[in-house]
Amino acid sequence: MKIGILSRKSQLYSTKRLREAAIERGHEVDVVDYVRCYMNITSHRPQVLLSGRSLSFDAIIPRIGASRTFYGTAVVRQFEMMSVYSLNTSQAISRSRDKLRALQLLARIGVGLPVTGFASSTKDIDGLIAQVGGAPLIVKLLEGTQGVGVVLAETDKAAESVIAAFVQLNANILVQEFIKEAHGADIRAFVIGDKVAASMMRQGPEGEFRSNIHRGGSASAIKLTPEERTTAVRSAKALGLGVAGVDMLRSNHGPLVMEVNSSPGLEGIEAASGKDVAGEIIKHLEKNAKPGKTKDRIPG
């Protein structure tokens, strides 16, 4: 099979591991910087080109950065028009990047979530704060990634100031309850198809409520409960993702999903779990990649 990995840099850990795993299983692999691609949008012969060369693959693995979602999903969509199978569809990637839409879709199927509020006006900030149970609470930018744009407001007054500042800047924000019993830790469940292939617990450094490894957090292997496994798989399916990193908090009333990532990194999860996650992704691709299998059937 001829596989295209859509990635800005071939030397990124995840990109390298996926390439290695595909080659080990006998596939031909090409790493493509999707930002440098351009498209010929025609009715009968759609093309994706790079440096004058028309790209042709049996399947693609999108590794679309959050800051390049619009153009990256356009390239994925063009490949879909060419009947190329994509590990995650363009629509599923777009859903996962829209945090509000993702939470609404998860809420629709009854997945556990932190109590979340969303508003665009400064006229009823008190009502918004009360809706999530008051301070301490989390204020989160819709466009933020890797813990950037996430603020812990420890008092109602601090929350009012932060929310008002973000709203005045026309930033879209979510306000969420603070899960104190999580103690600055969360769980990453790596979903491939209909199962959790690997999992880890991420713990934030002393005094830090964010557990992101990029912000100094540490990772360790963890055994998930049956409810956590079911929640992770249901969350990925709700967004139409074939491969996803589902981030959850352990609360007093069960697992709560914080976010579903459509381009989860492999370095932390492979190191913590000791599992060949890249190899499992390629196996999933082999099993599911069929010409023309590009439709997304998730309502909404």
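Test each condition in (1) of a type outside the set (Gly, Ala, Ser); (2) surrounded by 23 or more Cβ atoms within 10 Å (Cβ to Cβ); (3) closer than 23 Å to Leu142 by Cα for Thr69 and report the one that comes out false.
(2)
Those residues that are surrounded by 20 or more Cβ atoms within 10 Å (Cβ to Cβ) and of a type in the set (Val, Ile, Thr), I need them from the stretch 1-28; list them, please.
Matches in the stretch 1-28: Ile3, Ile5, Thr15.
Pairs please, first residue from the stretch 107-129 and farther than 17 Å from Ala153 by Cα, second anywhere and of a type outside the set (Ser, Thr, Tyr) and loosely packed, with under 11 Cβ neighbours inside 10 Å, Cβ atoms under 8 Å, 6+ apart in sequence or on different chains.
Arg108/Gly300; Gly112/His253
When you look at Ile109, is it β-branched (Val, Ile, Thr) and touching a Lys or Arg at 6+ places or on another chain (Cβ under 9 Å), yes or no?
For Ile109, the condition - β-branched (Val, Ile, Thr) and touching a Lys or Arg at 6+ places or on another chain (Cβ under 9 Å) - is met.
Tell me yes or no: at least one residue of the stretch 47-57 is under 30 Å from Ile173 (Cβ atoms) and either more than 23 Å from the chain's Cα centre (by Cα) or buried (at least 16 other Cβ atoms within 10 Å of the Cβ) (or both).
no
With the requirement that a residue be under 27 Å from Arg234 (Cβ atoms) and basic (Lys, Arg), what does the stretch 110-144 give you?
Once the filter is applied, which keeps residues that are under 27 Å from Arg234 (Cβ atoms) and basic (Lys, Arg), the stretch 110-144 yields only Lys140.
Take the stretch 22-44 and flag every residue that is in a loop (DSSP other than H, G, I, E, B) and under 16 Å from Val76 (Cα atoms).
Passing the criteria: Asp33, Cys37, Ile41, Thr42.
Does the stretch 32-43 contain at least one residue that is within 13 Å of Leu285 (Cβ to Cβ) and either within 23 Å of the chain's Cα centre (by Cα) or not assigned by TED's automatic domain parsing to the domain that holds Gly268 (or both)?
So far as the stretch 32-43 goes, no, none of its residues is within 13 Å of Leu285 (Cβ to Cβ) and either within 23 Å of the chain's Cα centre (by Cα) or not assigned by TED's automatic domain parsing to the domain that holds Gly268 (or both).
Within the stretch 211-238, can you find the residues that are of a type in the set (Val, Ile, Thr), surrounded by 20 or more Cβ atoms within 10 Å (Cβ to Cβ), in contact with a helix residue (DSSP H, G or I) (Cβ under 9 Å, 6 or more places away or on another chain) and at pLDDT 90 or above? First the steps, then the outcome.
Taking the stretch 211-238 and keeping what is of a type in the set (Val, Ile, Thr), we get 213, 222, 225, 230-231, 233.
Right, trim to surrounded by 20 or more Cβ atoms within 10 Å (Cβ to Cβ) and you get 213, 231.
Pick out the ones that are also in contact with a helix residue (DSSP H, G or I) (Cβ under 9 Å, 6 or more places away or on another chain) and you get 213.
Hits for the stretch 211-238: nothing passes.
The values are calculated or read from the model by the stated rules, or taken from the named source; none is laboratory data. Bear in mind that the values here come from a model prediction, so they are computed numbers and not experimental data. FYI the Cβ positions are ideal-geometry reconstructions off the backbone, even for glycines, and counts take in every protein chain you see.
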